[in-house]
Amino acid sequence: MGIQPNEADTPQGALAIAEASGYSDTALRGLLSTASRYQQAGRHEDARVILRSDAFADAQGATLDQFRLLAMNSIVALDDRTWAASFTRDLPVEQFSSYPADRQQSAVDLQAQTFTIAGRYLPAAQSLIASAPLRPDAGSLADNDRIWQLLKRASTSRLDREARTAIGYEQQGWLELALSLREPGITLEAQGKSIRQWQSNWADHPAAQPLPSELQLITNLSGERPGYIALALPLTGPLAEAGQAIRDGFFAAYYEDDQSDADTQTRVRVFDTHAADFPAIYDQIDGTRPDLVVGPLDKSALNTLTNRTSLPTPVLALNYLEGGQDHPAQLFQYGLSAEDEARQIADRLIADDRPQAVALIPWGDWGDRVESALVKRMNENGGKILDIVRYDREEDLRKTVADLFDINSSRQRAINIEHTIALNVEFEPRRRQDIDAVVLVASPTIGRQFNPLFAFYFGGDLPVYAPSTIYTGTPDASRDGDLERVRFTDIPWMLNPDSARRQRTSAALPNATQRYGRLFAMGMDAYALSSKLQLLSQVEGSDIEGLTGTLSMTPEGIVRRQQQWAIFQQGVPTRLETPTDPSEDTPIDPQDTLQPTDR
């Protein structure tokens, strides 16, 4: 059946015409012309239908170059992460040089944006570095800021690998600068020293003058730090153990910090917030004239600060207000948020091209928060949570999984068929077939029961994603064998048990680091944040490598954490690298599992 006139201006009709001609080079050029016309009319969804088809699988030469340029244009216009991830697997960093001189600058910008949308930050930065001679803004503060923020988001392993083979003065200098600031928990003073040393060694490098804004601020702030910190935590009462673990972590980081080059030695005074209402405690603390208050931990105590129009002393709270609550200036919020982990699971699902998932989440307020954040982020990313089954640990977990996979509906269909034909039929139940992955929000004990049930109910091929609740923090191959192939997100402190830094602190404070490891790490990062709040709040895109994740800040003063990923292999957590980088989208060899690093 031929193409009707009213179908000719549809992407499907254009593809059918090209297919009928055997995808000749003339037909492919016609398709590209149609896609370009769609883009000029703002019809990027229609252009995507053409550009994502198989028609260009064997395109070469000028046709391939034009295809890539148009594809990047629509990827950027649509902010299509999934398309960007697949498209950039074969996109050379030097692609921009294939175009006429008057189009190379716009091609570079599209190329860098496309790599960025795909999460491939190092190739995005390399595109800008390599194209510097073509761009009038190259070497400007804005350009250096852009390159620096991309390099910061690239994985350390990829940076290190590229640094060993880098060709060119500019690229070598940028990579060395990025790697010099990569140590988690590195002090502000050490960062300042490293930047100044790099500047001296690379005096003629485009990034040396002007330094990226974030690095300028680090060098300016490295000689400054709070002279007096008030640490306000519950040291008695029901939250005493949590408060004490955070306190111990805070002081562990404090005593590790080399303050020999600081203008003043930081003094820390501890206040027990369980002793009275927090407004009274804050006023008492403020009367001692500190430079910063770290605390409170309790959410109800934090809520009392929302009634104030201003805070004379800045506060780094160790919890979060409910979303959307108004709060005074100089209130910063940091904690181990379940919502952060839910958002990271959603991001990972999309990065792994698993846009349709089902979820098991326990009943309760905490589960409500996880569900809300997971669903919202999946919708924002263009994915979907197909179904959520809430459960109680006392329930029949077999039935819970059967409901999740819709096994009972499969059985009922077979029964209906038998009734219809009045015969017994051979039947094997099937799970629903639209599921790409399972999100498992559970403790280790419950997770060990759920994971084998997925295979029992025909879901053994589905990848399972979980938050940090799935891992005890101590490798236990004999028990965690039932969590085989479960992917989970956790803080760097828990995924690097053999690191020199963790070994030192564990030897000195074994109870705090083992029983309350995540809270201990939170205390260490609270100390790191105490000297970097101005950096994070003033430089957009800035972050620090912490022990609870990569820490950044929203314009509202909320600290966000980007955790690491691991997968259980032979019952032992094995680190996973950045999913959107094809060269690193595989687990580390099991023999290298959680190798010691001097953190």
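The values are calculated or read from the model by the stated rules, or taken from the named source; none is laboratory data. Computed from a predicted model, the values in this text were never measured in an experiment. When we count neighbours, we look across all protein chains shown, and the Cβ atoms used for this are built from the backbone with ideal geometry, even at glycine.
A few comments on the model shown:
- When the range 275-299 is filtered for residues that are in a helix (DSSP H, G or I) and either of a type outside the set (Gly, Ala, Ser) or free of Cβ contacts under 8 Å to residues at least 12 places away in the same chain (or both), the ones remaining, listed by number, are Phe278, Pro279, Ala280, Ile281, Tyr282, Asp283, Gln284, Ile285, Asp286, Lys299.
- Leading residue by the ranking (farthest from Gly249 (Cα to Cα)) among those in the range 473-496 that are among the β-branched types (Val, Ile, Thr) and part of a loop (DSSP other than H, G, I, E, B): Thr474
- The C-beta contact set for the range 382-397 (first residue among the aromatic types (Phe, Trp, Tyr), second residue in a loop (DSSP other than H, G, I, E, B), distance under 9 angstrom, 6+ apart or interchain) comprises Tyr391/Trp363; Tyr391/Ala442.
- Unique residue being closer than 22 Å to Asp248 by Cβ and at pLDDT 90 or above when the list is Thr548, Thr505, Thr554: Thr548
- Criterion (among the small types (Gly, Ala, Ser), under 25 Å from Ala118 (Cβ atoms) and in contact (Cβ under 8 Å) with a residue 24 or more places away in the chain) met by exactly one of Ala359, Ala338, Ala342: Ala342
- Summed over the range 33-61, residues that are in a loop (DSSP other than H, G, I, E, B) and under 20 Å from Tyr23 (Cα atoms) total 6.
- Residue in the range 12-52 that is farthest from Leu70 (Cα to Cα), counting only those that are among the hydroxyl-bearing types (Ser, Thr, Tyr) and buried (at least 18 other Cβ atoms within 10 Å of the Cβ): Tyr23
- Odd one out for Asp102 among (1) acidic (Asp, Glu); (2) in contact (Cβ under 8 Å) with a residue 24 or more places away in the chain; (3) surrounded by fewer than 17 Cβ atoms within 10 Å (Cβ to Cβ): (2)
- Counting the residues of the range 136-154 that are touching a helix residue (DSSP H, G or I) at 6+ places or on another chain (Cβ under 6 Å) and over 12 Å from His205 (Cβ atoms) gives 7.
- Of the residues making up the range 135-144, one or more are out of contact with any strand residue (DSSP E or B) (no Cβ under 7 Å at 6 or more places or on another chain), modelled with pLDDT of 90 or more and among the hydroxyl-bearing types (Ser, Thr, Tyr).
- Residue in the range 472-502 that is nearest to the chain's Cα centre (by Cα), counting only those that are modelled with pLDDT of 85 or more and of a type in the set (Asp, Glu): Asp490
- Long-range neighbours under 6 Å by Cβ, at least six apart or interchain, first residue over 14 Å from Ser213 (Cβ atoms) and at pLDDT below 90 within the range 531-545, second buried (at least 20 other Cβ atoms within 10 Å of the Cβ) and not hydrophobic (A, V, I, L, M, F, W, C): Ser531/Arg225; Ile544/Lys532; Glu545/Pro184
- Verdict on Leu69 being farther than 24 Å from Ser127 by Cα, free of Cβ contacts under 8 Å to residues at least 60 places away in the same chain and crowded, with 19+ Cβ neighbours inside 10 Å: no
- Filtered by the rule that a residue be not in a helix (DSSP H, G or I) and not acidic (Asp, Glu), the range 497-518 gives Pro497, Ser499, Leu509, Tyr516.
- Positions within the range 546-565 being farther than 16 Å from Arg153 by Cα and surrounded by fewer than 18 Cβ atoms within 10 Å (Cβ to Cβ), in sequence order: Thr554, Pro555, Glu556
- Boolean, Arg390 is modelled with pLDDT of 90 or more and more than 21 Å from Arg448 (Cα to Cα): no
- Within the range 362-381, being aliphatic (A, V, I, L, M) and touching a residue at least 24 places away in the same chain (Cβ under 8 Å) holds for Val370, Ala373, Leu374, Met378.
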